[in-house]
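Below: one structure, written as structure tokens.
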Amino acid sequence: MGFRWTGLSLKNQLCNMPAIRRKNVFMELLAPAGNREALQAAIENGADAVYLGGKSFSARQSAENFGDEDLVRALEYAHLKERKIYVTLNTLIDQEEFRAALDYAWNLYNMGVDALIVQDLGLMQALRQLLPGLRLHASTQMTVHNSQGIKFLEQQGIKRVVLARELSLKQIKEIKEASNELEIEVFVHGALCFSYSGQCLFSSMVGGRSGNRGRCAQPCRMPYELYSLDSGQAYHTPEAGPYILSPADLCLIDYLPELQSIGVKSLKIEGRMKRPEYVAVVTGAYREILDLIREKDNYRPGIEVRKKLLKIFNRSFSSGYFIFDRSKFLSSKRPNNRGVYVGRVIAQDKNLITSVKLSDGIALGDGLEFWVKHGKNPSYIVKSMKVKGVPVSLAQAGEIVEFKLEQRVNPHDRVFKTHDEEIIAQARKSMEKAQNQKIRVDVKVVLKAGEPLKLIMRDEKGQEITEYGQSPAQPAKNQPLDEASIRSKIDRLGNTPFYLGSFELQSDGNLMVPFSELNETRRLAVESLKTLRLNLKRPGRQETDAFRQGRGQFLAVKAGSKAPTRPQLSIALSGLNQAYAAAKNGADTIYLDLAGIGPERRFTPDQLREVKEYARENNCQLIPALPRILSSCEFQEFDKLKAAGFKEILAGNLGTMYWAGKNELKPRADYSMNIFNPYTLRLLQDLGVEKACLSPELNFSRLKAMPDLSSAEVIVHGEVILMTSQYCVLPGLLHPDSGACPGLCHQDRYALKDQRGYIFPLATDRYCRFYVFNSRTLCMIDDLDKIIALGVGGIRIEARRSGEEEVRKVVKLYGQALEDVVENNHRQLHSYREDLEKSSPSPFTRGHYYRGVI
């Protein structure tokens, strides 16, 4: 079932959960780091592991990130403190980048990273083959949301899966129970995407910045109006703000016992774009509660912990889909930090001296924002303030405070604290510990006449190394080395991770070695102990040659024929009448979407058999397209497809592909599988996929570079789905006070309208999932000659929102255009485009074919 508002309070929902049976599971606290300072903030505030990105192939390309030297230092710092580092390679990899990506992974492997987080299926397969000792985690960008997807990745050698953020407590529990040794990682704090991660093309299609390539421009944080396609008017929704795709921030600090009880391995904090102070505060808060849970089952944090989290950054908090509460899910009035409410304006004189009645304390250095009814909200850093005419550095709740602003505000305007100087100072102080906390070493120096200096260094774990000088100790001519002078040289550990504990000198007396040799022996000892603690390894010549040879073999893809032959014409649609029209007018393949997008929510087995037979009689194959999002329990609805005579299905996620194989159905792969390079295509072919729809983010240049597209199809026409969401905005906007949705999706045809006037059609399915379609219709009919020259096996029309007449016309014209191109007659192609434009629901675009994505 999809998420539906139950009408139950959160308290009642928790009461309806199974009783918690604590498992003795150590839950890793995983914190983000966008730079060195954030890494230190995470580790010094209790993170067990940190995830970070390099300068390339990271889903947060706008973060500062880590160069190779930065990574070496980060690994040294973390590993010396017995913490882990996971590096993100969680973007789609272009064919031309693949060699560089593999070399980068090889370098990371030899640096000693603890795991790589990956999205690209082709990269996953390459790393499993070339670096079997490298631990791989599946990114949330893989959209893993069911137990079938877990089983697929377990077979592929993945060690951990970062689950989609759209899952409930019950669903996570079901997935964990279905996994064997595979670890489960769950987001517990930070920003939520409106769309399923890995399923969002909004930023890509609108601005050319691909979320799948780490360049998301965050269109979900922009203002929109809910718009009626039938009336041509915007809906008036005064209670909601304009940011109707902007989720509130996730905060699950109240539910850590539940996560532990179901066996979650890792708790992930979002925020590689956040400043180090944010990382410090959030990591510290979760560390505190996790430690208390170890001492007392079912411990719940007090209000002060939550207030601290609110003060560092919030778009308001929600429990997301974990414990779903529609009324708290969005932050529609503000897409960025709202701070915490601290009072209201009661007066402002002509000199802008402003009086505020406080409901919470403020201090010098705090940042305030005044929420005015019109215009931009004034902000103010508290540099001075008075209470009853007396200057103060701190004002308490209940007091009336005065300060001078630079802008006009009005009585009753609300005041929010967006910067808490005390919390920031505490965070910075915690980060300073990174400079002060070092590892104790005990040192013994042995001096014997005629023998080289011997230095023994031992850490607190008992790990010991021995280093020797180069020249034998000689009798001192003047002043011999004594314990104090040797200790002073050994104690020079300032730029190392160590500090000197005990020191012992064993000497025959009256001996001398050069100070330079003593310093060099100390330096060698430090490096040797660091290497021992880090368990560093360096690849040998044989291992390096084996990697290079394997890399070359993997990258070699057999070329297919580029001879211009007629590709199959396929169409994805949602209704029975549309399917009959497509079959009658020349479609070779029909993908009938069983998600129920549009008015026809369900099809009976008899209806499916009848339309299948009609298609067969018209030399057309009908293939059921399973929903691109399917929870673990929803697969049972499709168990009878084989009995109904179907041999193939269209899979939109990894779990569906796995399920198809187990049910003796041949899978085809939809474009939601993000097939961006020939290596992902080859992997799917090896897994039994006969045809795959390539990513619509590929341009002509990238397509031409792919050696064999005979098993691939490309989208050439229609409205591409930009977002797939578990959250439907309609009830919250149109019936905010109603417990159950009254079927709003059946009462109008809806769209979003942005600030530039672009209209993005909306749709829902029978699971109450929510889809945003592109504001422009892709049309490549006058470029079919170039498409056919690629050697593709099929071209696809996307018509999931289209009516019967539109389907008839589009299929017929594309069929005619294909015949014309095959017969080398290109004269009619432009006229076909003009004919299609007359009835198109929106203006045409050529998508990414001529521009591509960054």
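Some values worked out for this structure:
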{"read-out": "Nearby lysines by direct alpha-carbon distance to LYS477 (threshold 30 angstrom, same-chain neighbours under 8 apart not counted)", "value": "LYS444, LYS448, LYS454, LYS489"}
{"read-out": "3J(HN,Hα) from dihedral phi, region 261-274, Karplus parametrisation 6.51/-1.76/1.60, rounded to Hz, x for glycine, proline", "value": "5, 9, x, 5, 8, 9, 9, 9, 9, 7, x, 5, 8, 7"}
{"read-out": "Solvent exposure ordering (accessible area, 1.4 Å, most first) of VAL445, VAL557", "value": "VAL557, VAL445"}
{"read-out": "For region 765-809: Kirkwood Rh in Å [reciprocal of mean 1/r, alpha carbons]", "value": "13.3 Å"}
{"read-out": "Peptides 150-159, 708-717 ordered by average Cβ neighbours within 10 Å, highest first", "value": "708-717, 150-159"}
{"read-out": "R0 of 35 Å, Cβ-Cβ distance LYS404-LYS307: FRET efficiency to nearest 0.05", "value": "0.80"}
{"read-out": "Pairwise centroid distance, computed over Cα atoms, of region 660-681 with region 344-395, Å", "value": "58 Å"}
{"read-out": "Summed side-chain charge close to GLU270 - residues other than GLU270 whose Cβ falls under 11 Å, Lys, Arg +1, Asp, Glu -1", "value": "+4"}
{"read-out": "Modelled FRET efficiency - R0 51 Å, SER231 with ARG128, Cβ distances, 0.05 increments", "value": "0.40"}
{"read-out": "Estimated distance in nm for a label pair at VAL557 and LYS704, the labels positioned 7 Å out from Cα along Cα-to-Cβ", "value": "1.6 nm"}
{"read-out": "Gained length - ASN825 relative to ASP103, 0.36 nm times residue gap less alpha-carbon distance", "value": "255.3 nm"}
{"read-out": "Computed label-point distance, nm, for sites ASN519 and SER502 using a 7 Å Cα→Cβ extension", "value": "2.9 nm"}
{"read-out": "Other-chain or far-sequence residues with amide H under 5 Å of VAL720's (modelled H)", "value": "ASN774, LEU778"}
{"read-out": "Spin-label pair LYS438/ASP291, simplified geometry with 7 Å Cα→Cβ offset, distance in nm", "value": "2.4 nm"}
{"read-out": "Whole-number percent relative contact order across the chain, with pairs defined as alpha carbons under 8 Å at least 6 apart", "value": "14 percent"}
{"read-out": "Over region 271-383 - Rg/Rh using Cα atoms and the Kirkwood inverse-distance radius", "value": "1.03"}
{"read-out": "For the chain, convex hull volume per residue from C-alpha positions, Å³", "value": "198 Å³"}
{"read-out": "Residues LYS328 and ASN663, FRET efficiency given R0 of 30 Å [Cβ-Cβ distance, rounded to 0.05]", "value": "0.15"}
{"read-out": "Region 485-536 and region 718-797: distance between their alpha carbon centers, rounded to Å", "value": "67 Å"}
{"read-out": "Projected area averaged over orientations for region 98-160, convex hull of C-alpha atoms, nm²", "value": "4.0 nm²"}
{"read-out": "Convex hull of region 427-505 built on C-alpha atoms - directionally averaged projected area, nm²", "value": "6.5 nm²"}
{"read-out": "Hydrodynamic radius (Kirkwood) for region 139-185, which is based on Cα pairs only, to one decimal in Å", "value": "10.3 Å"}
{"read-out": "Added length on full extension, which subtracts the Cα-Cα distance from 0.36 nm per residue, ARG428 to GLN549", "value": "38.7 nm"}
{"read-out": "Between region 570-621 and region 218-261, the Cα center-to-center distance that results, in Å", "value": "34 Å"}
{"read-out": "Hits among aspartates and glutamates - C-alpha to C-alpha of LYS151 under 12 Å, sequence gap 8 or more where chains match", "value": "GLU177, GLU181, GLU183"}
{"read-out": "Set of aspartates and glutamates with alpha-carbon distance to LYS357 below 12 Å, sequence-local pairs under 8 removed", "value": "GLU399, GLU402, ASP413"}
{"read-out": "Difference of contour (0.36 nm per residue) and Cα-Cα distance, GLU82 to ASP68", "value": "3.0 nm"}
{"read-out": "Prolate/oblate/rounded label for region 194-259 (Cα gyration tensor, a/c 1.5)", "value": "oblate"}
{"read-out": "Rounded, prolate or oblate (a/c below 1.5 giving rounded, otherwise prolate when a/b exceeds b/c) for region 560-696 by Cα gyration tensor", "value": "oblate"}
{"read-out": "Set of region 493-519 residues, backbone N closer than 16 Å to the point 7 Å along the Cα-Cβ line of GLN463", "value": "496-499"}
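The values are calculated or read from the model by the stated rules, or taken from the named source; none is laboratory data. It should be emphasised that the depicted structure is a prediction, and the values quoted were computed from it without experimental measurement. All Cβ positions, glycine included, derive from the backbone under ideal geometry; neighbour counts span all protein chains shown. Accessible surface is based on the protein model in full, side chains and every heavy atom, while ligands, DNA and RNA are left aside. Shrake-Rupley method; radii C 1.70, N 1.55, O 1.52, S 1.80 Å.
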